[in-house]
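Written out below as C-alpha cells is the structure these notes cover.
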Amino acid sequence: TIFGTEKNDLPASVSFLAPAFDETRAFNETRYKAIAIINAMNANLTSFIPNQIGRFDDSFNINCIGDYLTYRNTPTILFEAGHFKDDYQRDQVRKFIFCALWSGFQAINENVVVSNILDDYLNISQNSKCFYDFLYKNVRIIDNSQEKLINFAAQFTEILKEGTIHFEANIVQIENLESY
C-alpha cells in the first residue's frame, strides 16, 4: 500500500518510527535516543525529498520486535521504504534509505544533541493512505442488464516469481474515490 502524509498529497518515500515501549506511547530516555537519530535523518532527507518523509503509527504491541526492543531499553529505529514516483523497483528509495543511514551514523558519531527533539519528531507527518497506483474513472459496465459508469482503484501487489519481483494490479476500492 502506498501511504502519504497527513500534511500533503505526496507519497511517503521513507518513513521512520521510534517504537513505543508501553501502551501509553509515552516517551522515555531510550525512545528519545532513537528520536534524536530520526531527527538527524529527517533533516538530511528533507533536502532531497521534501514533504515525502513520514512517521508511522506507534501503537504498542509487545510481540513486535521494535516495541519489544524499546521495552527492553534498546533504542530502536524502524525504517519503511515507501514509494517514489515511477520507482517500482525501489532504486531511488534505496538511495534515500542509504542517505538516511549515513546521516544517522554521522549523528551517532558526532553525538548530536538538539533541543526540542520531541517537537521535531512529532512534526514529521503521520502516514495516512492517500494514493492508489491506478484510478479508473467512468468505466462502462453492465450490471443486471443495466449499463453503468463506475470508478475504481487498483493497487500493485509485489509477487516473487522465479526470483524476480513482478507487480500485479488488484482492484482495492470501488466508488467513493472523489478525493483521490
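Among the numbered conditions (1) under 30 Å from Ala43 (Cβ atoms); (2) at pLDDT 90 or above, the only one that Phe152 does not meet is (1). Checked against the criterion of being closer than 27 Å to Asn109 by Cβ, without any contact (Cβ under 8 Å) to a residue 60 or more places away in the chain and among the aliphatic types (A, V, I, L, M), the candidates Ala34, Ala43, Ala26 yield just one match: Ala34. Counting only residues that are touching a helix residue (DSSP H, G or I) at 6+ places or on another chain (Cβ under 6 Å) and open to solvent by less than 70 Å² (accessible area, probe 1.4 Å), segment 71-86 holds 6 of them.
Within segment 127-144, the set of residues being of a type outside the set (Asp, Glu), open to solvent by 50 Å² or more (accessible area, probe 1.4 Å) and part of a strand (DSSP E or B) comprises Lys129, Phe134, Leu135, Tyr136, Lys137, Asn138, Arg140, Ile141, Ile142. Looking at segment 109-125, can you tell me whether even one residue there is within 26 Å of Ser179 (Cα to Cα) and over 18 Å from the mean Cα position of the chain (by Cα)? No; the residues of segment 109-125 include none that is within 26 Å of Ser179 (Cα to Cα) and over 18 Å from the mean Cα position of the chain (by Cα).
Ile35 fulfils the conditions (1) of a type in the set (A, V, I, L, M); (2) exposed (fewer than 13 other Cβ atoms within 10 Å of the Cβ); (3) part of a helix (DSSP H, G or I) except for a single criterion, (2). When each of Cys64, Cys99 is tested for being at pLDDT below 95, surrounded by 13 or more Cβ atoms within 10 Å (Cβ to Cβ), over 27 Å from Ala153 (Cα atoms) and not small (Gly, Ala, Ser), the lone residue that passes is Cys64.
Given segment 43-126, what helices (runs of 4 or more DSSP H) lie entirely inside it while holding 2 or more residues that are within 11 Å of Val14 (Cβ to Cβ)?
So the answer is 91-110.
The values are calculated or read from the model by the stated rules, or taken from the named source; none is laboratory data. It should be emphasised that the depicted structure is a prediction, and the values quoted were computed from it without experimental measurement. Please note: Cβ atoms are built from the backbone with ideal geometry, for glycine as well, and neighbour counts cover all protein chains shown. Only protein heavy atoms, including side chains, enter the accessible area calculation; ligands, DNA and RNA are left aside. Shrake-Rupley method; radii C 1.70, N 1.55, O 1.52, S 1.80 Å.
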